[in-house]
Every structure is written in C-alpha cells, then in structure tokens.
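Single-structure report; data block below.
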Amino acid sequence: MGTHQERDPSHKTMYYWNVESFWGTDGIGLEQSYLKVGTVGTGGRKLYDHSNPDIRTWWVNHGLEMSQQEFSDGVFTDNTISRECDNQACDLETTDKSIMVRELAETVRDDDYDLDIGNYLRQMIDGGTRFRMAYADGSYFENTHFSPGNQNDLERILVSMQLAREASWKKVVMWTGSRRHCGCGFNNPAFPFCTQVTKKDCIPQSCAGFVQTNT
C-alpha cells in the first residue's frame, strides 16, 4: 500500500463491505443465524437477514474495525438498495438495511481521516437515493444505463450524469466503465482472446486493454 501512496499521496485504499450478502471471508465472527435460509443474492452468495438486530450490530462493528486499520482509508459499501422498496412499495430510507448503512457511514465519518463511499446514487430508484448524500462522503456509479422502465437510453444516462454532477459539488464521485456492458467479460485468464469470429469461450479482440476503470 505504501508504494501507491509514494507515487500518489492522494491515493485511497478502502475496505469493500457488501450490505446484501456474505462474500465468504473466514474468521470475522459471522454466525449462521445472520443469514437467510433458502435464498441467495449476487453470484449465488448467501443473503444477510437484516431483520436480525445481531447481524446489523456485527456488520456495522466489523466495517468500522476494518476502516480503522492502518492500510485502510475508510469503507466502500456495496449493494445498498432494498429491492423490496421498488415502485415505492416501502420507504427505502427507513428499511433495516438502510438504517444499518447509515449507522456505519456516520460512525466511520466520526474519524476525520476515514471516508464512507458506497454504491449509493442510482437513477433507477425514485429520487436517486439522494438522501444518502446527507451522511456519506460520496458515491460510486455503476449500471448507469439501468432504468425504472419508462426512460429511453439517452434519458437514463442523462439522469445518472445529473446525479453525479450534484454529488460532485461537495462529494467524491467514482464513475465506472464496465467491460461486460460493452460485450467484454470480466478479466479471466482461463479465456484467451478470440482468434476467429466464430470461436466460442473466448474474449473478443476488441476487448484488449479494456479494463474496469474508476474516475
């Protein structure tokens, strides 16, 4: 980590902490009772049961602990949307999951040197979840072309740009370019570049040099 900061003193290293599902790290105090039974989330990972107050306490405390490590400049929180609130079915700001996210953000930011940035602003949600900028240091943007269903392609991008513009006035903005949305899969050494158009299980030559980027 020191090498990055020697090259660029503004470099930040943040601990990735998923709100939706457990990513398989051993030895961090996870109890099986913290997980839902019979349902899975991203990549088939087991989902947290946010209705259990014990998991909420554990999740906040572990995120805070990791943000205070010497190598860490804060926490990057991912998968923050509560899907049960789609189409205004409930108040996204007051779900157990959102309250948990806010508690970690406010606790981390008590330290003047630690950041809380997350996958927060999403144009596919009514209001773009702007309420999170009241307590977070910034937002990551992904899937900027996703829509609630009533927008054309251009409007989807424009709304995402407006959310980023608003956030950038006082916040950190991370804008991502994803390989998979341009016909390029994730970096995988098991799949070589295609030598012919009809070849399967390979990566198009046009993807050479196309990597995930954040700005």
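The values are calculated or read from the model by the stated rules, or taken from the named source; none is laboratory data. Quantities reported herein were computed from a predicted structural model and do not represent experimental measurements. For neighbour counting, all protein chains shown are included, and Cβ atoms are generated from backbone atoms with ideal geometry for every residue, glycine included. Just so you know, the surface numbers come from the protein's heavy atoms only, side chains and all, with ligands and any DNA or RNA stripped out. Shrake-Rupley method; radii C 1.70, N 1.55, O 1.52, S 1.80 Å.
Listing for the model above:
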quantity: Among (1) modelled with pLDDT of 90 or more; (2) closer than 25 Å to V173 by Cα - the single one I28 does not satisfy; calculated: (2)
quantity: Residue list for the range 148-166, filter: in contact (Cβ under 8 Å) with a residue 24 or more places away in the chain and not in a helix (DSSP H, G or I); calculated: P148
quantity: Hits in the range 58-105 - residues which are among the hydroxyl-bearing types (S, T, Y) and under 20 Å from G41 (Cβ atoms); calculated: T77, T80, S82, T95, S98
quantity: Yes/no for Y140 being in contact with an Asp or Glu (Cβ under 9 Å, 6 or more places away or on another chain) and of a type in the set (S, T, Y); calculated: yes
quantity: Helices (runs of 4 or more DSSP H) wholly inside the range 1-113 containing at least 3 residues that are more than 17 Å from Y135 (Cα to Cα) and not polar (S, T, N, Q); calculated: 2-7, 53-67
quantity: Test set (1) modelled with pLDDT of 80 or more; (2) of a type outside the set (K, R); (3) in contact with a Lys or Arg (Cβ under 7 Å, 6 or more places away or on another chain) - Q162 fails condition number; calculated: (3)
quantity: Residue match in the range 86-105 (condition: under 17 Å from the mean Cα position of the chain (by Cα), modelled with pLDDT of 90 or more and of a type in the set (G, A, S)); calculated: yes
quantity: Matching residues in the range 113-132 - criterion: being open to solvent by 30 Å² or more (accessible area, probe 1.4 Å) and at pLDDT 80 or above; calculated: L115, G127, R130, F131
quantity: Test: residue in the range 134-146 that is within 23 Å of D49 (Cβ to Cβ) and either at pLDDT 90 or above or part of a loop (DSSP other than H, G, I, E, B) (or both); calculated: no
quantity: Within the range 148-165, tally of residues that are surrounded by 15 or more Cβ atoms within 10 Å (Cβ to Cβ) and not β-branched (V, I, T); calculated: 5
quantity: Long-range neighbours under 7 Å by Cβ, at least six apart or interchain, first residue touching a residue at least 12 places away in the same chain (Cβ under 8 Å) within the range 80-107, second of a type in the set (S, T, N, Q) and part of a helix (DSSP H, G or I); calculated: S82/S98; L92/S98; L92/T129
quantity: Of residues in the range 88-102 being surrounded by fewer than 21 Cβ atoms within 10 Å (Cβ to Cβ) and in contact with a Phe, Trp or Tyr (Cβ under 8 Å, 6 or more places away or on another chain), the one farthest from S21 (Cα to Cα); calculated: E93
quantity: Qualifying positions in the range 25-74 - basic (K, R) and touching a His at 6+ places or on another chain (Cβ under 8 Å); calculated: R56
quantity: The range 59-84, residues that are more than 21 Å from A136 (Cβ to Cβ) and more than 19 Å from the chain's Cα centre (by Cα); calculated: E70, F71
quantity: Hits in the range 47-57 (condition: under 18 Å from D116 (Cβ atoms) and crowded, with 16+ Cβ neighbours inside 10 Å); calculated: R56
